[in-house]
Amino acid sequence: MIPYPDAIKESWLPVAAVQEVGDKPLSRRLHGVPLAIFRARDGFGVLRDRCPHRNVALSEGRVIAGEVVCPYHGWSFGKDGACTGVPGSETVPRISANSLPVRVEAGLIFTSLSDNPRPFPAIPAPIGDAGYDQFLWPIRAPGFLVDAVENLLDPAHPHYLHPGIVRSPDSRHPVRVEIIERPDSVEAIYHEEARTKAWMPRLLEGKRMTSIGRFFPPTTAQLAFEGEDGPKLVITAFFSPETEEEVQAFAHFATPKGRIPARLKEFVLRAFHRPVLRQDQDILKAQVENVRRFGGVRYAAGPLDFLKLPMLRLMRGETLEEKVSEGRCRL
């Protein structure tokens, strides 16, 4: 229903977390194309999920000695897609499964359907910073790619969708918003003028002074929450369209190292964010269903949609002009 810009189709996008790939091939989709992801002898392989012999899904097979083995006739294929063996035959046909490029960064396996992908996007800080405790949370959800990204960056819906958890439904306070556009990113800095009464930020972030929403093309969004002494929590989400109506997200959580053990922080963060995640998944699903009812989308930009228009331009592969502007709202 929503055709993706060429800039996204030609980009490197994440299809799996390294931690998800085990002894069997992993089945995933990108832009509706089925993929088989597996651990090769030296790294990872990503193949279109179809054996060139009889069209059976390679993801239903096995991985033996770093090669994926078709479940139908046992043909084996390396990460470059080349057939490496046919059981019962002394010859190996010059036949290949279709392989895709692979790059591993930030604990994620990236690939592209393009024969000539765009330059690999920068991985935003603080990912990889030794001063932070970090963990990765793969999440699958119904939803259009643009809507899923915007949902993470949207400051206006938590009062209604997550009342009392993320924002207080009955109490709003003035917030000064600074919007900074750069050639390859955009961010909205929300300068809080009073402490929120919602229980999640009070328990997890202490006294929040500033919250920041950032977008990096092609499909990466980031939320950062800062207090008087610096960052408290940074959530970076890498989004990938499995189909037009389904999204795979990889949420990276980072908190400054301190006295609390990393495993305990991860347990608490997952527990607190699960109800929020369920509510977001439900509303994105309802959004898709209603778009189907009307046969297409119609969007309008509201006064609190500070990032939407520059975000859409970056998704289309455009470059922004350096610009700083301000706004105000009540959150």
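The values are calculated or read from the model by the stated rules, or taken from the named source; none is laboratory data. What you see is a predicted model; the values in this text were computed from it and never measured. Every residue, glycine among them, receives a Cβ derived from its backbone with ideal geometry; neighbour counts consider all protein chains shown. Accessible surface is based on the protein model in full, side chains and every heavy atom, while ligands, DNA and RNA are left aside. Shrake-Rupley method; radii C 1.70, N 1.55, O 1.52, S 1.80 Å.
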Answer from GLY61, GLY45 - the residue that is within 24 Å of VAL92 (Cβ to Cβ), touching a Phe, Trp or Tyr at 6+ places or on another chain (Cβ under 6 Å) and not β-branched (Val, Ile, Thr): GLY45
Residue tally, condition of a type in the set (Val, Ile, Thr) and farther than 20 Å from ARG118 by Cβ, over the range 214-235: 2
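Residues checked against (1) over 25 Å from LEU312 (Cβ atoms); (2) at pLDDT 95 or above; (3) assigned to a loop (DSSP other than H, G, I, E, B):
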{"position": "PRO138", "(1), (2), (3)": "yes, yes, no"}
{"position": "ALA141", "(1), (2), (3)": "no, no, no"}
{"position": "ARG172", "(1), (2), (3)": "yes, no, yes"}
{"position": "GLU187", "(1), (2), (3)": "no, yes, no"}
{"position": "MET200", "(1), (2), (3)": "yes, no, no"}
{"position": "LEU203", "(1), (2), (3)": "yes, no, no"}
{"position": "ARG214", "(1), (2), (3)": "no, yes, no"}
{"position": "LYS232", "(1), (2), (3)": "yes, no, no"}
{"position": "ALA237", "(1), (2), (3)": "no, yes, no"}
Count of residues meeting criterion [of a type in the set (Val, Ile, Thr) and surrounded by 14 or more Cβ atoms within 10 Å (Cβ to Cβ)] in the range 89-106: 2
Residues located in the range 272-304, provided they are open to solvent by less than 50 Å² (accessible area, probe 1.4 Å), under 24 Å from HIS159 (Cβ atoms) and not acidic (Asp, Glu): PHE272, HIS273, PRO275, VAL276, LEU277, GLN281, LEU284, ALA286, VAL288, VAL291, GLY302, LEU304
Test: residue in the range 254-270 that is touching a Ser or Thr at 6+ places or on another chain (Cβ under 7 Å) and open to solvent by less than 50 Å² (accessible area, probe 1.4 Å): yes
Residue, most open to solvent (accessible area, probe 1.4 Å), within the range 1-11, restricted to residues that are assigned to a loop (DSSP other than H, G, I, E, B) and among the aliphatic types (A, V, I, L, M): MET1
Candidate set from the range 12-50 (those that are among the hydrophobic types (A, V, I, L, M, F, W, C) and assigned to a loop (DSSP other than H, G, I, E, B)); member that is most open to solvent (accessible area, probe 1.4 Å): TRP12
Among (1) among the polar types (S, T, N, Q); (2) out of contact with any strand residue (DSSP E or B) (no Cβ under 7 Å at 6 or more places or on another chain); (3) closer than 10 Å to LEU47 by Cα, the one test that SER99 misses: (2)
Test for THR243: is it open to solvent by 10 Å² or more (accessible area, probe 1.4 Å), polar (S, T, N, Q) and at pLDDT 95 or above: no
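Confirm whether THR236 is open to solvent by 20 Å² or more (accessible area, probe 1.4 Å), among the hydroxyl-bearing types (Ser, Thr, Tyr) and under 26 Å from ILE123 (Cβ atoms).
no
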Condition met for GLN287 (touching a strand residue (DSSP E or B) at 6+ places or on another chain (Cβ under 8 Å) and either modelled with pLDDT of 95 or more or outside any loop (DSSP other than H, G, I, E, B) (or both)): no
The listed residue being of a type in the set (S, T, N, Q) and more than 25 Å from the chain's Cα centre (by Cα), out of SER27, SER89: SER89
